[in-house]
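First up is the structure itself, then whatever we jot down about it.
The values are calculated or read from the model by the stated rules, or taken from the named source; none is laboratory data. Owing to the predicted nature of the structure, the values given are computational and were not obtained by experimental measurement. Cβ placement follows ideal geometry from the backbone for every residue including glycine, while neighbour counts extend to all protein chains displayed. Accessible surface areas use protein heavy atoms only, side chains included; no ligands, DNA or RNA. Shrake-Rupley method; radii C 1.70, N 1.55, O 1.52, S 1.80 Å.
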Amino acid sequence: MQGTPATTTTRFRDLWDEIAPIGRDARTGGYLRYAFGEPERRLREWFRTQAERRGMPVTGDGNGNLFARWGDPDATDAVLTGSHFDSVPQGGAYDGPLGIVSAFLAVDELRAAGVAPDRPIVVGAFVEEEGARFGVPCLGSRLLTGALTPERAAGLRDTDGVAFAEALGDRPAGARPDLLAGFAAFLELHVEQGRALVDLDAPVAVATAIWPHGRWRFDITGEPNHAGTTRMADRRDPMLTYAFTVLAANKEARLRGAHATVGRISVEPNATNAVPSRVTGWLDARAAEEGTLAELVEAVRAKAVERARRDGTEVSVTEESATPLVGFDASLGGRLATLLDAPTLPTAAGHDAGVLAGHLPTAMLFVRNPTGVSHSPAESATDADCAAGVTALARVLAELAADPAPVGRPRGAAA
């Protein structure tokens, strides 16, 4: 591969500095990169510029996802890599963009080493992975694979009432089996969202699986009234039901060794001196097993309904997204772990790789996060570890793109 670790580290820092200021809140250091917002659009233009510099034609899939291709435009066995640009509100720098920057640098390393891959290598940038603007995570990959209909996606609206179709500039194309058929495998590099690699003293790991997870909206309605003149005994206050529901989610998750978070809330009419008429909260729930996740959500729903009966309020629960247990291709993952001499570990975080895993052999690489914090300005990775991730990605791409055998099997292995 290209150069020394120090050279790769320098090249990483140079390219990373080109995007680091885009969408960063100067006050907090967090990022505000929402799908099709001005910062994310600037990053998409940066993507096109980087691809052009490398002679990699860029195409879209009609759903907002971008693909830059190195190699035969007619080949139907390309190796896809990449990630996403968008962030959660006040998110970290590395979640998503690290995978795209690393992919371009890995292509550079392969070219510098004189590698001429038999399979094309495609760098992808997926839209709305976080779901921070339109509410559905992995929206671009769900559309591409047909997991979400273009009709539903087109009507999704942000908090300002802008529809996804309007932000996209067209009705989304939906499933593209013709495009998916052209990929032999997908490999996503991502910053670790935890600190397992710190404890393992390793810069890079291979993912084994993604926990089942999803989002559920709790709409709690009551009776709006005056905060000063309404007796406590006469109130039908949805905020009480909401508060109890949050505590119940915390308790039920802990009892099951699962995760439950209510990190978003909407209150109507949102006045200091008024009893609310409606409180809407979004539950993010995750567990190691699908049965445990279902039990957790049902337990929280049941407790919310029972509390609502006592409060004189009403509760409705809507599933906005749900992803079952995703086990990445075991043969491919094992091959990568051996090639890189890297540890393996599961994750409770969702990724576009989890959506694509149901359609083609898929693997993930994680780069060490010294703080263990993610979805926060404190998310971090050292330049040296990021460079190690680039080199690992380049080694894997070289192996897969030069291999005429099925992707999951080492060269020379029997069928």
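Between residue 48 and residue 162, what is the spin-label point distance in nm, taking each point 7 Å from the Cα along the Cα→C-beta axis?
Distance between the two pseudo-spin positions: 1.7 nm.
Where nothing but the Cβ of Lys and Arg (+1) and of Asp and Glu (-1) is charged, how large is the charge dipole of region 1-160 around its Cα centre, in debye to the nearest 20?
200
Quick one: if you stick a label point 7 Å off each Cα along the C-beta vector at residue 27 and residue 348, how many nm between them?
Once both label points are built, they end up 3.1 nm from each other.
Would you kindly state how much longer the chain becomes between residue 38 and residue 170 on full extension, computed as 0.36 nm times their sequence separation minus their alpha carbon distance, in nm to one decimal?
Length gained, residue 38 through residue 170: 45.7 nm.
Which percent, to the nearest 5, of DSSP beta bridges fully inside the chain are antiparallel?
Restricted to the chain, the bridges split so that about 70 percent are antiparallel.
Roughly how many percent of the accessible protein surface of region 274-415 is carbon and sulfur, given a 1.4 Å probe and a whole-percent answer?
Carbon and sulfur: 53 percent of the exposed surface of region 274-415.
For region 141-181 and region 305-362, what is the centre-to-centre distance using only Cα atoms, to the nearest Å?
21
When only Cα pairs under 8 Å and 6 or more residues apart are kept, what is the percent relative contact order across region 257-415?
16
Starting from the Cα-Cα distance between residue 17 and residue 234, subtract it from 0.36 nm times their residue separation and give me the gain in nm to one decimal.
That pair, residue 17 and residue 234, stretches by 72.3 nm at full extension.
Mind listing the phi-derived Karplus ³J(HN,Hα) values for region 212-217, rounded to whole Hz, using 6.51, -1.76 and 1.60 with θ = phi - 60°, and x for any glycine or proline?
Calculated HN-Hα couplings, in order: x, 7, x, 10, 10, 9 Hz.
So what is the 222 nm mean residue ellipticity for the chain from helices alone, if each DSSP H run of at least 4 adds -39500 (n - 2.57) and you divide by all residues, rounding to the nearest 500 deg cm²/dmol?
That comes out to -11000 deg cm²/dmol.
Can you give the charge dipole size of the chain about its Cα centre, rounded to the nearest 20 debye, using +1 on the beta carbon of Lys and Arg and -1 on the beta carbon of Asp and Glu?
600
Give me the accessible area of residue 251, 1.4 Å probe, in Å² rounded to the nearest 10.
In the full protein context, residue 251 sits at about 110 Å².
Once you order the gyration tensor axes a ≥ b ≥ c over the Cα atoms, which shape class does region 64-199 get: rounded for a/c under 1.5, otherwise prolate or oblate by comparing a/b with b/c?
It comes out oblate by the Cα gyration axes.
Among residues other than residue 78 whose Cβ falls under 9 Å from its Cβ, what is the net charge (Lys/Arg +1, Asp/Glu -1)?
Neighbour charge sum, excluding residue 78 itself: 0.
Tell me, what is the FRET efficiency for residue 290 and residue 316 to the nearest 0.05, using R0 = 30 angstrom and their Cβ-Cβ distance as r?
0.80
What net charge do the residues around residue 56 carry, taking every other residue with its C-beta under 14 Å from that of residue 56, with Lys and Arg at +1 and Asp and Glu at -1?
Every neighbour counted, the sum reads +2.
Search the structure for amide H atoms under 5 Å from the amide H of residue 138, placed 1.01 Å from N in the peptide plane, and list their residues when 5 or more places away or on another chain.
Amide H to amide H, under 5 Å and 5 or more residues apart or across chains, residue 138 pairs with 129, 130, 131.
Considering only protein heavy atoms and a 1.4 Å probe, what is the carbon-and-sulfur percentage of the accessible area of region 1-95?
Carbon and sulfur: 51 percent of the exposed surface of region 1-95.
If a/c stays under 1.5 just call it rounded; otherwise compare a/b with b/c (prolate if a/b is bigger, oblate if not). Do that for region 124-201, with a ≥ b ≥ c from the square roots of the Cα gyration tensor eigenvalues.
Taking the square roots of the gyration eigenvalues as a ≥ b ≥ c, region 124-201 is oblate.
Looking only at region 118-136, which residues have a backbone nitrogen under 19 Å from a spot 7 Å from the Cα of residue 151 in the C-beta direction?
The answer is none, because no backbone nitrogen lies closer than 19 Å to the label point.
For the chain, with the dipole built from +1 on Lys and Arg beta-carbon atoms and -1 on Asp and Glu ones, taken about the Cα centre, which of 140, 15, 376 lies farthest toward the positive end?
Comparing the listed Cα positions along the dipole, 376 ranks first.
Would you please give the FRET efficiency between residue 373 and residue 116, computed as 1/(1 + (r/R0)^6) with r the Cβ-Cβ distance and R0 = 35 Å, to the nearest 0.05?
It comes out at approximately 0.30.
Suppose all protein chains stay in the model; what accessible area per residue would a 1.4 Å probe give for the chain, in Å²?
41
On the Cα set of the chain, report Rg and Dmax in Å, please.
Cα-based Rg and Dmax for the chain come out at 22.7, 81 Å.
Residue farthest toward the positive end of the dipole of the chain, with Cβ of Lys/Arg at +1 and Asp/Glu at -1: which of 312, 123, 299?
Of 312, 123, 299, it is 312.
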